[in-house]
Every structure is written in C-alpha cells, then in structure tokens.
Amino acid sequence: MNNHKTLKDNSIGLIIWKFIAYVIMIIFSLLAIVPIIWLFINSFKSTVEFRSNMVGWPKNFTFKNYIGAWKIGSFSLLLLNSIFYTISSVVIAAFLSLLTGFAFAKIPRKETKVIHSIFVIGLLLTTQTLMVPLFLQITQLDSLLATLFNAPNSFHLFYNTRFGVILVYVGSLLPLGVYLCTSYIRSLPTALMEAGLIDGAGYFKIFLLVIAPMCTPILMTLALLNIPTIWNEFALINIMVSSTKYQTLPLGIYKFSGTLASDYGKEFAALIIGLMPMLIFYLIFKKQITTNVGSGAIKG
C-alpha cells in the first residue's frame with residue numbers, strides 16, 4: 001500500500017515538473033517569436049499608421065516599405081556580399097580549424113600545448129578590444145606595402161578589400177573552431193591513424209580520408225555557431241570597409257538609424273530583409289542541425 005502511494009506521489013510530482021517545464025519553454029518561445037511577428041506585421045504599415053496603431057493588424061498592406069528599403073539600403077549588392085563573406089569565411093575557418101585540431105590532437109609535439117593555449121586565449125578576446133589595434137595594423141600594413149612596391153597611396157590589400165574582410169573573419173572564427181575540433185578529434189580512436197601510418201599513408205592523407213569524414217557533427221556545430229556570427233557581424237566590417245561595394249547587410253540596415261530612423265515602415269522592412277535568410281537557413285536545416293550538433297556536443 002505504501003509503495004503504491006509512493007509511486008502515485010512520484011507520478012504526480014513528475015507531472016507537475018513537466019507542466020512547469022512546458023510553461024517555461026512556452027514563455028521563452030513566445031519571447032523569441034512574438035517580437036519577430038510584431039516586426040513583420042508592422043513592416044507592412046506606413047509610418048503614419050504605425051504611430052497611430054503600433055499593435056494592431058495593418059489596415060492597408062503596403063509593399064512600398066520593402067521596395068524603398070531595398071533601394072535605399074542597396075540590398076541587391078549587400079546581400080551578395082553577405083552571402084560571399086559568410087560562406088567563404090565559414091568554409092575556410094572550418095577547414096583550418098579541423099586541420100589544426102588534428103595536428104594538436106593526434107600529432108605529438110613539444111610546442112603543441114603552447115600553441116594550443118594561444119588559440120584558447122583568443123576565446124577571451126572580445127571584438128571591442130580588437131577594433132582599434134586591428135584598424136591600425138591593416139592601415140599600416142597597406143602603407144608599408146605601398147612603400148615597398150612603389151604603389152600609389154590608394155593601394156589597399158587589407159583595408160576596403162574583400163580579401164581583408166575574409167582574412168579578419170577567418171581569424172576571428174579560429175579560436176573557437178580550433179578548441180572544439182581539437183576536443184572532438186582527440187576523442188576519435190588513435191588506432192585508425194596508426195593503421196594508416198602502417199599502410200604508408202602520410203598525415204595529410206590520413207586527415208582527408210580518415211579523420212575529416214568522421215568530423216561531420218563538429219563541422220555542423222561550427223556551421224551553426226559561425227554562420228549567424230558572420231552574417232550578423234557589424235563592428236569589424238564597419239572598420240574594415242568604407243565603400244558600399246564591400247559592405248554587408250548589417251551596414252545597409254544601419255543606414256536606417258540616421259536620418260531615416262523616423263521612417264519606421266522602411267526600417268522594419270530592412271530588419272526583416274536581414275532576418276529572413278537566417279530564418280530560412282534554420283527552417284531548411286533544422287533536422288540536420290539538431291541531429292549533428294547534439295551528437296557533436298556529446299562526442300566532443
């Protein structure tokens with residue numbers, strides 16, 4: 001009788017805890033979803049209508065906000081730049097992180113611990129601490145190269161170039177990527193690499209044919225973390241480029257915070273334009289992200 005009562009009490013307690021957990025999850029979901037819905041609805045209102053009706057449904061849907069925001073923000077160009085920077089930086093950083101992680105995890109060297117520690121220190125550095133020294137370095141390097149090669153003062157290799165932006169983005173992604181890849185590859189069986197060495201394969205061949213195919217979960221983890229980071233990055237690109245030709249969507253959206261700040265319709269439309277690619281990315285790859293990131297986190 002006592003055992004039956006205990007089981008009943010435990011089941012009631014479990015139901016209560018589940019109810020509390022679901023309530024908390026619903027609240028956090030609403031906190032994330034409601035602002036996006038509010039932003040989307042108000043992007044179809046004129047500024048006059050928004051000021052008189054900030055919560056309600058639009059009386060007259062207008063797509064003029066999106067057309068105007070697209071033209072003013074030069075989004076046809078900036079969208080392509082954002083896609084190019086994001087894909088290039090994430091792919092290059094993932095490959096270099098995986099290659100470096102393999103070296104740190106499976107190739108013993110005296111210098112490994114020191115170099116690995118330097119990469120880990122990079123995790124402690126914030127973007128704000130790097131902005132001023134980074135800007136000074138790239139401008140001084142451009143001046144030095146212009147002097148060495150007798151190039152005009154307008155010559156730039158790092159500042160106001162796509163190469164400079166990608167170089168900085170890849171460098172900013174490496175500390176976390178190297179840390180995660182090293183931890184993940186360290187958990188893989190060393191016997192696989194030893195078998196490859198016995199068969200006469202070199203380290204790079206072992207990396208490409210044995211290690212890399214087994215690292216899909218950690219690569220998906222890096223993609224989930226790095227794609228939104230680069231897509232939404234503002235501080236570094238703001239000091240790296242001044243020409244619209246090399247700017248990204250966040251800088252285009254920033255244009256609406258100045259004299260256009262009072263044009264709420266176009267401002268909301270610009271925010272939705274910048275937000276939609278990431279929402280589409282998560283919706284398309286939701287299953288793969290959930291599966292691979294979960295297994296990558298557990299294995300690593």
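Only the coordinates and a few stated rules stand behind these numbers; no lab work does. Keep in mind it's a predicted model, so treat the numbers as computed, not measured. Don't worry about glycine lacking a Cβ; one is built from the backbone with ideal geometry, like all the others, and counts go over all protein chains shown.
Screening the range 212-260 for helices (runs of 4 or more DSSP H) wholly inside it with 3 or more residues that are more than 30 Å from Ile185 (Cα to Cα) and touching a residue at least 12 places away in the same chain (Cβ under 8 Å) returns the ranges 235-240, 249-254.
A quick yes/no check of all residues on (1) touching a residue at least 60 places away in the same chain (Cβ under 8 Å); (2) assigned to a loop (DSSP other than H, G, I, E, B):
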| residue | (1), (2) |
| --- | --- |
| Ile26 | no, no |
| Pro35 | no, no |
| Ile41 | no, no |
| Val48 | no, no |
| Arg51 | yes, no |
| Pro58 | no, yes |
| Thr62 | yes, yes |
| Tyr66 | yes, no |
| Trp70 | yes, no |
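Under the condition of being of a type in the set (S, T, N, Q) and over 30 Å from His156 (Cβ atoms), the residues counted in the range 100-146 number 2. Residues in the range 154-192 that are of a type in the set (Phe, Trp, Tyr), assigned to a helix (DSSP H, G or I) and surrounded by fewer than 22 Cβ atoms within 10 Å (Cβ to Cβ): Phe163, Tyr179.
This table checks each residue for (1) in contact with a helix residue (DSSP H, G or I) (Cβ under 7 Å, 6 or more places away or on another chain); (2) surrounded by 18 or more Cβ atoms within 10 Å (Cβ to Cβ).
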{"position": "Phe61", "(1), (2)": "no, no"}
{"position": "Asn65", "(1), (2)": "yes, yes"}
{"position": "Thr86", "(1), (2)": "yes, yes"}
{"position": "Ile92", "(1), (2)": "yes, no"}
{"position": "Gly101", "(1), (2)": "yes, yes"}
{"position": "Glu111", "(1), (2)": "no, no"}
{"position": "Ile121", "(1), (2)": "no, no"}
